[in-house]
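Below is one structure, written out as structure tokens; comments come after it.
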Ligand SMILES: Nc1ncnc2c1ncn2[C@@H]1O[C@H](COP(=O)(O)OP(=O)(O)O)[C@@H](O)[C@H]1O
Ligand SMILES: [Mg+2]
């Protein structure tokens, strides 16, 4: 038995006869920061869909946590409650609510979804919200309407809302898309900070972004792991160059 937080064991899934994930296996350790790269259609998003219960694999298993719980027949909400948070490409914040209100809702939602309706915020919660706002670089925006934030800041707010739910694993799909260079650099800092207290898996195309994340990299191709290791290691792999980097 390994000490991995997440074990992906020989999963496969086909869509209309096309094998999007093909006997995929790899592990994520507790507290690890991991980048996943690979060409379009390699199966990166589908991998996240399977881990989060959005897509069921045809074969294989995904094993979670110390108790080795199988995730593949669990619902999306059960998987979220087990401690896996996911950030989609498009931010889904409550546009008419302030940054503070968005974070407060996410915090309450963790404890008891009904508490969102009947709730008086405590000083402890307000401090927790401020601490998250600081971690996501929005400490000067706490009273701002979320809809008025820049695209990059909305992304950070959504990451903050996920952090409020204290996931043990955070999955982030293409966070740098549409961001300025400054926003990208701040996103890198934010993800590194988040990975101090949980595992974070980042799918991203931007090589500069991946280099600055400075973590282990998994290269996916045609639904399988093509290479794994440091960025320098995988970028020397001739097949990686042929199918991904050289294009
Ligand atoms: N729900 C789906 N129905 C049909 N085909 C899908 C579905 N999800 C993904 N695919 C296909 O599976 C392949 C892998 O897609 P995806 O995981 O989105 O790749 P990536 O995120 O690496 O670009 C693609 O060929 C895509 O068209
Ligand atoms: Mg994708």
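The values are calculated or read from the model by the stated rules, or taken from the named source; none is laboratory data. Bear in mind that the values here come from a model prediction, so they are computed numbers and not experimental data. For neighbour counting, all protein chains shown are included, and Cβ atoms are generated from backbone atoms with ideal geometry for every residue, glycine included.
Which residues, counting only those in segment 218-247, are within 14 Å of residue 39 (Cβ to Cβ), assigned to a strand (DSSP E or B) and touching a strand residue (DSSP E or B) at 6+ places or on another chain (Cβ under 8 Å)?
Passing the criteria: 218, 219, 220, 224, 225, 226, 227.
With respect to the numbered conditions (1) more than 16 Å from ligand 1 (Cβ to nearest atom); (2) buried (at least 20 other Cβ atoms within 10 Å of the Cβ); (3) in contact (Cβ under 8 Å) with a residue 40 or more places away in the chain, which one is the sole condition not fulfilled by residue 179?
In the conditions (1) more than 16 Å from ligand 1 (Cβ to nearest atom); (2) buried (at least 20 other Cβ atoms within 10 Å of the Cβ); (3) in contact (Cβ under 8 Å) with a residue 40 or more places away in the chain, residue 179 misses (3) alone.
Report, by residue number, each residue of segment 103-125 that is modelled with pLDDT under 65 and in a loop (DSSP other than H, G, I, E, B).
Answer for segment 103-125, where residues must be modelled with pLDDT under 65 and in a loop (DSSP other than H, G, I, E, B): 112, 117, 118, 119.
Which fully enclosed strands (runs of 3 or more DSSP E) of segment 1-102 have 3 or more residues being at pLDDT 95 or above and surrounded by fewer than 16 Cβ atoms within 10 Å (Cβ to Cβ)? Give the derivation first.
Working: elements: 6-15, 18-28, 33-37, 59-64, 84-87.
So the answer is 6-15, 18-28.
Taking only segment 151-166 into account, find how many residues are under 13 Å from the mean Cα position of the chain (by Cα) and either in a helix (DSSP H, G or I) or at pLDDT 95 or above (or both).
8
Would you confirm whether or not segment 37-54 contains a residue that is within 13 Å of ligand 1 (Cβ to nearest atom) and within 20 Å of residue 160 (Cα to Cα)? If you could, list the steps in order and put the result at the bottom.
Here is the first cut: in segment 37-54, the ones within 13 Å of ligand 1 (Cβ to nearest atom) are 37-52, 54.
Narrowing the set further to residues that are within 20 Å of residue 160 (Cα to Cα) leaves 48, 52.
So far as segment 37-54 goes, yes, one or more of its residues are within 13 Å of ligand 1 (Cβ to nearest atom) and within 20 Å of residue 160 (Cα to Cα).
Given (1) more than 16 Å from ligand 1 (Cβ to nearest atom); (2) in the same structural domain as residue 27 (by TED's automatic domain parsing); (3) out of contact with any helix residue (DSSP H, G or I) (no Cβ under 9 Å at 6 or more places or on another chain), identify the lone condition not met by residue 148.
(2)
Please specify each residue of segment 158-169 satisfying the condition of being out of contact with any helix residue (DSSP H, G or I) (no Cβ under 6 Å at 6 or more places or on another chain) and surrounded by 17 or more Cβ atoms within 10 Å (Cβ to Cβ). Break it down stepwise before answering.
Here is the first cut: in segment 158-169, the ones out of contact with any helix residue (DSSP H, G or I) (no Cβ under 6 Å at 6 or more places or on another chain) are 158-159, 162, 166-169.
Of everything in segment 158-169, those that are out of contact with any helix residue (DSSP H, G or I) (no Cβ under 6 Å at 6 or more places or on another chain) and surrounded by 17 or more Cβ atoms within 10 Å (Cβ to Cβ) turn out to be 158, 159, 162, 167, 168, 169.
When residues of segment 182-217 are filtered for being within 16 Å of ligand 1 (Cβ to nearest atom) and either modelled with pLDDT under 95 or part of a loop (DSSP other than H, G, I, E, B) (or both), how many remain?
Residues meeting the conditions: 4.
For segment 126-134, does any single residue satisfy the condition of being surrounded by 13 or more Cβ atoms within 10 Å (Cβ to Cβ), under 18 Å from the mean Cα position of the chain (by Cα) and at pLDDT below 95?
Scanning segment 126-134 turns up no residue that is surrounded by 13 or more Cβ atoms within 10 Å (Cβ to Cβ), under 18 Å from the mean Cα position of the chain (by Cα) and at pLDDT below 95.
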